[in-house]
Structures are given as structure tokens and as C-alpha cells.
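A quick write-up on the structure given underneath.
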């Protein structure tokens with residue numbers, strides 16, 4: 001694509017942002033207008049009419065407007081790509097900052113356990129549990145929440161069934177065990193919960209109320 005020779009003008013326009021929103025229809029309309037004026041100019045020239053000079057000025061003005069429109073589009077495209085790249089590379093910076101203290105606490109817990117030479121296993125477990133709760137709290141502040149699964153009816157939109165287990169104490173297709181916790185980011189599913197789903201045993205059916213019969 002050719003570029004407007006007035007680079008300084010384009011640079012100023014890029015800094016202040018495009019004045020026209022990108023529109024294929026607008027670009028096509030301008031091109032059609034240029035073609036129409038050029039056609040009138042050619043017709044006037046063949047007929048020896050004096051309007052040819054005025055039509056030539058119209059064509060030049062429309063071409064200049066079209067070039068400026070192309071420049072606006074190109075500036076917007078470059079800026080959008082740059083912002084998209086920066087968002088992809090650095091958009092999770094705040095999450096990383098919030099996670100760093102959790103990493104520090106986990107390192108301290110591991111160092112403490114090593115210094116104790118394995119004698120304080122319970123202390124290590126408590127330290128790791130504290131770090132886990134802290135990590136879940138950080139994720140929660142960023143809109144990440146665990147998917148409730150155990151004891152819930154199986155939902156294929158948020159649960160992934162890994163196996164079935166005979167169990168007459170709950171309705172069929174109830175989650176009775178969670179292999180791996182699922183998570184969602186606000187209303188977006190990040191990972192489904194991997195679960196074991198109940199099914200009737202061979203001896204009896206599903207009991208909705210009361211204990212299973214002998």
C-alpha cells in the first residue's frame with residue numbers, strides 16, 4: 001500500500017489517534033467516488049467541456065482523503081496489534097505480583113523442614129496447608145473459584161466423568177469422588193472437575209429416601 005508522502009502529518013495523526021473508525025464500506029465508497037469523478041473527468045475531456053479541470057481537482061481531493069483514510073487504518077492496526085501483544089505478554093503481571101508472597105512462604109516452609117531433617121513432618125504439613133489456602137485466596141481475588149462437585153448431580157458442562165462406582169445411597173449420576181478439582185474464571189470454565197459418578201449396584205436400585213433394602 002502506498003503511503004502519504006507527508007510523514008510528519010501522519011505521525012501527528014497517529015499520536016492523537018485516528019479520526020475515522022475503520023470501515024470497509026467507507027473505503028469502498030470513497031474508491032467508488034474516485035472512479036465516478038474520474039469517469040466524469042474523462043467524459044468532459046472528450047467532449048471538450050471546461051469542467052475537466054474542476055473534476056481533476058475533485059479527484060485529487062478524494063485521492064488525498066483516501067490516502068489519509070488508509071493511513072488512519074494502518075495506524076490503528078499497528079496500535080491495536082501493539083496493545084494486544086502487550087496485554088498477552090504483561091496482562092497477568094498483577095496476578096504474578098500477588099502470587100510471589102505465596103511462593104516465598106512455600107520456600108520458607110520447605111527450608112524449615114530441611115533444617116529439621118524430617119523431624120517436624122506435622123509442621124511441614126501445616127505450613128504447606130497454609131500456603132495452599134493463601135494461594136486459593138489469591139486466585140479468588142482474581143476471580144478464580146473452585147467448582148463444587150462432590151455430592152452434586154453430574155453436570156457435563158463443568159464435570160468430566162472418569163469412572164462410575166456402584167452406590168445405592170445416592171441418586172444415580174451423583175458425584176461421589178473428585179479426582180481433580182475444577183476451576184472457573186468468573187463465568188469462563190478453565191478446567192472441568194474430574195470425578196467419579198454413582199450408578200445403581202447390581203443388587204438393588206437407587207433409593208431416593210431411606211436406607212437401601214436388604
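All of the numbers you see were taken from the coordinates with simple rules; none came from a lab. Note that the structure is predicted; figures quoted are calculated from it, not measured. Don't worry about glycine lacking a Cβ; one is built from the backbone with ideal geometry, like all the others, and counts go over all protein chains shown.
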Can you say what percent of the DSSP beta bridges in segment 145-199, counting only those with both residues inside, are antiparallel? Round to 5. 60 percent
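Need one number: convex hull volume per residue for segment 145-199, Cα atoms only, in Å³. Display every interim value, and only then the final one.
Numbers: hull volume 3.2 nm³, N = 55.
Residue-normalised Cα hull volume stands at 58 Å³.
What per residue convex hull volume, in Å³, do the alpha-carbon atoms of segment 93-142 yield?
Details: hull volume 2.2 nm³, N = 50.
Normalising the Cα hull of segment 93-142 by residue number yields 44 Å³.
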Can you pull the three principal axis extents for the Cα set of segment 78-179, in Å, largest first? 55, 55, 20
Give me the one-decimal nm value for the distance between modelled label points at residue 76 and residue 181, 7 Å along each residue's Cα-to-Cβ direction. 4.5 nm
State the extension gain, in nm to one decimal, for the chain segment bounded by residue 105 and residue 162, taking 0.36 nm per residue of separation less the distance between their alpha-carbons. 17.1 nm
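Multiplying the sequence separation of residue 85 and residue 189 by 0.36 nm and subtracting their Cα-Cα distance, what value in nm do you get? Display every interim value, and only then the final one.
Details: separation 104, 0.36 × 104 = 37.44 nm, distance 2.36 nm.
Additional length available on full extension: 35.1 nm.
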Ranked from fewest to most other Cβ atoms within 10 Å of their own Cβ, 198, 157, 56 fall in the order 157, 56, 198
